[in-house]
1. Mind counting the residues in the stretch 305-325 that are at pLDDT 75 or above and among the hydroxyl-bearing types (Ser, Thr, Tyr)?
2. Go through (1) open to solvent by 20 Å² or more (accessible area, probe 1.4 Å); (2) within 12 Å of the ligand (Cβ to nearest atom); (3) within 21 Å of the chain's Cα centre (by Cα) and name the single condition residue 214 misses.
3. Kindly provide the set of residues from the stretch 245-293 that are assigned to a loop (DSSP other than H, G, I, E, B) and either modelled with pLDDT under 90 or under 15 Å from residue 234 (Cα atoms) (or both), ordered by number.
4. State which residue pairs qualify: first residue open to solvent by 70 Å² or more (accessible area, probe 1.4 Å) and inside the stretch 133-153, second residue small (Gly, Ala, Ser) in any location, beta carbons under 8 Å apart, and separation of 6 or more residues or different chains.
5. Report whether or not residue 310 is within 16 Å of the ligand (Cβ to nearest atom) and open to solvent by 20 Å² or more (accessible area, probe 1.4 Å).
6. Could you list, in sequence order, the residues of the stretch 244-296 that are open to solvent by less than 20 Å² (accessible area, probe 1.4 Å) and within 16 Å of the ligand (Cβ to nearest atom)?
7. Name the one entry in 288, 275, 226, 323 that is closer than 28 Å to residue 4 by Cα and more than 26 Å from the chain's Cα centre (by Cα).
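The values are calculated or read from the model by the stated rules, or taken from the named source; none is laboratory data. Predicted model only: the values in this text are computed from it and were never measured. Virtual Cβ from ideal backbone geometry, glycine too; neighbours counted across all protein chains shown. Keep in mind that these areas ignore ligands, DNA and RNA; they rest on the heavy atoms of the full protein, side chains included. Shrake-Rupley method; radii C 1.70, N 1.55, O 1.52, S 1.80 Å.
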Amino acid sequence: MSDFSPTDYWKGIVLYGLNAATYKMALGRVLLDHARQGSNTIEWAQLASDFLDQYRLRLDSNPMPQQANRARRTVMERICGDLASGRITYAGAVKKVSEDAFNDVVPRFQTIGTDKQIAGSLFYEAHFGKRLVLTDELLTISDTSFPELDSELTARWNLLEGAFAISQSQQEYQLANDIREIYLASGYDRKPLTHNIQFLQGYQGNTCFYCGQPMDGKIHVDHLLPRQVISHDEVWNLVLSHGDCNLQKGDYLVGPHFVEKLIKRNENIMGSNHPWKQKIATQLGTTPRRRRSKTERHYENMKSVLGRYYWGGTEGYNPATDPFYTRLITVLNNR
Ligand SMILES: [Zn+2]
């Protein structure tokens, strides 16, 4: 674990949030703001009013989807609703936040996935009901990477609200459409990825990743784990496919057999002397076991955000007859 930087831990916390996920984003933003101003203590009342302000800012531009169902409103939604309608004053709202909103998020913010030990108290020490004491690590990352971490929080918050809306929907096609809208709305830079084609063809073969049939016509470069969640264009997550297959997959989460195939494809790269293999080693790990476990962890994370709707592949695709698995390099690199 010691080869991870505080920034890695921060990203882990932001990306692997489970429960009360938008609370995590709001607290993250308050922490970064304070750290950037160089303050190393946040008194409880200040914490409550800053936290409330984050939600109010949010509501101005983007009503939270959970509000559609009154019975399922969160504590913060109820407080913001009462404040907006004049049932309580701002001071009253701050008091309620300080009493009711932090029970989960303050003790659990530094939990990555379900692991409380990994990050420990890396970014703050909580004196519950009194104050948070920020650490040097937090002050340092805020100083060096504030714009990046801040925009990641925003993207994540957008995405989570979308994911909550989706989880209330019963129809699978709705999932793809909503996600696509979030993707467009949040305005990710879509960089051209075609320069990866030649490289990837070597290790994947000249067949479509999703259907196993030979490539013809325009080759598409696709993010196996959806771009709007994974938020990068790293080569370990890129695959080549037919345009049609790419379109069918859309922003769905793929079935586990495609993750298995991705792991093997990446081992093909690792078995080579191509200089890009270093990038994969840095991102996924230096041994096959670490790379597998890191890839699988990303996949689990996708499930927690996107739900368990899988796209199993084009009709008629059968991994058992996919020529990829019988290629020499696949066999050699995955013994
Ligand atoms: Zn195809």
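1. 3
2. For residue 214, the exception is condition (3).
3. Across the stretch 245-293, the qualifying residues are 250, 251, 252, 255, 271, 272, 273, 274, 275, 276, 285.
4. 143/35
5. It is false that residue 310 is within 16 Å of the ligand (Cβ to nearest atom) and open to solvent by 20 Å² or more (accessible area, probe 1.4 Å).
6. Matches in the stretch 244-296: 245, 249, 250, 254, 255, 258, 261, 262, 265.
7. So the residue among 288, 275, 226, 323 that is closer than 28 Å to residue 4 by Cα and more than 26 Å from the chain's Cα centre (by Cα) is 275.
Conditions tested, residue by residue: (1) modelled with pLDDT of 90 or more; (2) within 16 Å of the ligand (Cβ to nearest atom); (3) open to solvent by 30 Å² or more (accessible area, probe 1.4 Å).
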site: 181; (1), (2), (3): no, no, yes
site: 185; (1), (2), (3): no, no, yes
site: 189; (1), (2), (3): no, no, yes
site: 192; (1), (2), (3): no, no, yes
site: 198; (1), (2), (3): no, no, yes
site: 206; (1), (2), (3): no, yes, yes
site: 210; (1), (2), (3): yes, yes, no
site: 218; (1), (2), (3): no, yes, yes
site: 224; (1), (2), (3): yes, yes, no
